[in-house]
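Undergrad: My structure is below; once you've seen it, I'll send some questions.
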Amino acid sequence: MRENDVQVHEKSILLAAMPALLLLAEEAEATVWFLSVSGLSLWPLAAKDETRLGFWAAHLLFLSLAEFWLTQHDSSTAPK
């Protein structure tokens, strides 16, 4: 396998991640799970490019924002 093949394969998950964002309002937990797993699949590319710290910082920021959004979304739709 050539070096460029790995980068193309790793980046192709982003093509599926963009339409997944459209489901965020309807299937929030499943969408966050999918985006988290797809983000983690980019780890080999980040490790190869030596951007490990930035990768983990961005992933933790995403998870923090997703948790905040899910908490706010669940509390606003909960029956009173």
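The values are calculated or read from the model by the stated rules, or taken from the named source; none is laboratory data. Not measured: the values here are computed from a predicted model. Every residue, glycine as well, gets a Cβ built from its backbone with ideal geometry; the counts of neighbours run over all protein chains shown. With ligands, DNA and RNA removed, areas are computed over all heavy atoms of the protein, side chains included. Shrake-Rupley method; radii C 1.70, N 1.55, O 1.52, S 1.80 Å.
Undergrad: Within the set of pairs 6 or more residues apart or between chains, which connect a residue that is at negative phi inside region 39-65 to a residue that is of a type in the set (Asp, Glu) and in a helix (DSSP H, G or I) with Cβ atoms less than 6 Å apart?
TA: Between residues of region 39-65 that are at negative phi and residues that are of a type in the set (Asp, Glu) and in a helix (DSSP H, G or I), the close pairs are LEU42/GLU10; LEU45/GLU10.
Undergrad: To continue, here is another question. For residues that are in a helix (DSSP H, G or I), open to solvent by 40 Å² or more (accessible area, probe 1.4 Å) and within 19 Å of ASP74 (Cα to Cα), tally how many sit in region 6-64.
TA: Taking region 6-64 first, the residues in a helix (DSSP H, G or I) are 6-23, 28-40, 43-48, 52-64.
With open to solvent by 40 Å² or more (accessible area, probe 1.4 Å) added as a condition, the list becomes 6-9, 11-16, 18-19, 21-23, 29-30, 33-34, 37, 40, 43-44, 48, 52-54, 56-58, 60-64.
Now drop any that are not within 19 Å of ASP74 (Cα to Cα), which leaves 21-23, 29-30, 33-34, 62-64.
So the count comes out to 10.
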